[in-house]
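Each value in this text was obtained by applying a stated rule to the coordinates, not by laboratory testing. Everything numeric in this text was worked out from a predicted model, so none of it was measured. Note that each Cβ is placed from the backbone with ideal geometry, even for glycine, and that neighbours are counted across all protein chains shown.
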């Protein structure tokens, strides 16, 4: 058992031939969510990401991945239920494009976010307008050619922190402030429920080109990154 934080990178395009195998691991609720996707690629990515999550958790718990049970907290954050409800193993999943990230930590809440970088568009501008005034001012200081990267750096840090604390994005992206520079830091909380800025640490996650990712964890912990081989596990 690793006592720090594990961040697993999962390539979602590696298991196209094993989709049926992966789907069998999912419970009825997950299978229903997968079936609701209109597009095959979205369904495949969902199944691959959630099957990998089950296998990674099962390896840590020495359990059967198909027999893991989950519950959700008030704002939808998943937690272990059933036989492993009291294990104190915290986890979080994020996926975008052809990559997923799974974060694990014993005894410390975690949140992770990965986003495939898209060209600047109206939707991204709307998200940026919800950042805190400090973050918006910091973004404005970047040269136009660097501003998109700064936006994604800010976005994934904020999303990871919201997921770690266990509140939804509806609670407000402007309820706290994170750094945009190389050193990922929670600068301030402006009343976000459950967030005390000094209690949480942020980490940039190195991922594939064209993606941005970040990890949030309560407390200060060593972080190790690993790559999950979907074909061997």
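Of note:
- The helix-only estimate of mean residue ellipticity at 222 nm for the chain, built from DSSP H runs of length n ≥ 4 each weighted as -39500 (n - 2.57), is -9500 deg cm²/dmol after division by the residue total.
- Full extension of the chain segment joining residue 79 with residue 29 gains 16.5 nm, where the gain is 0.36 nm per residue of separation less the Cα-Cα distance.
- For residue 182 and residue 117, the difference between the fully extended length at 0.36 nm per residue and the C-alpha to C-alpha distance is 21.6 nm.
- Degrees, to the nearest 10: 144-165 long Cα axis against longest axis of the chain: 50
- For 12, 101, order by how many other beta-carbon atoms lie within 10 Å, fewest first: 12, 101
- With Cα atoms, 0 to 90° folded angle of helix 40-61 axis to the chain main axis: 80
- Centroid-to-centroid, using Cα positions, region 198-215 and region 177-195 are 13 Å apart.
- Packing-based ranking, highest mean first, of 211-222, 130-141 given that Cβ atoms within 10 Å are counted: 211-222, 130-141
- Note on residue 41 and residue 67: their simple-model spin labels are 3.8 nm apart, each label 7 Å out from Cα toward Cβ.
- Take each peptide in 177-183, 160-166, count the other Cβ atoms within 10 Å of every residue, and average; sorted highest first, the result is 160-166, 177-183.
- Average Cα contact separation per residue, region 5-227, under 8 Å, 6 or more apart, as relative contact order %: 21
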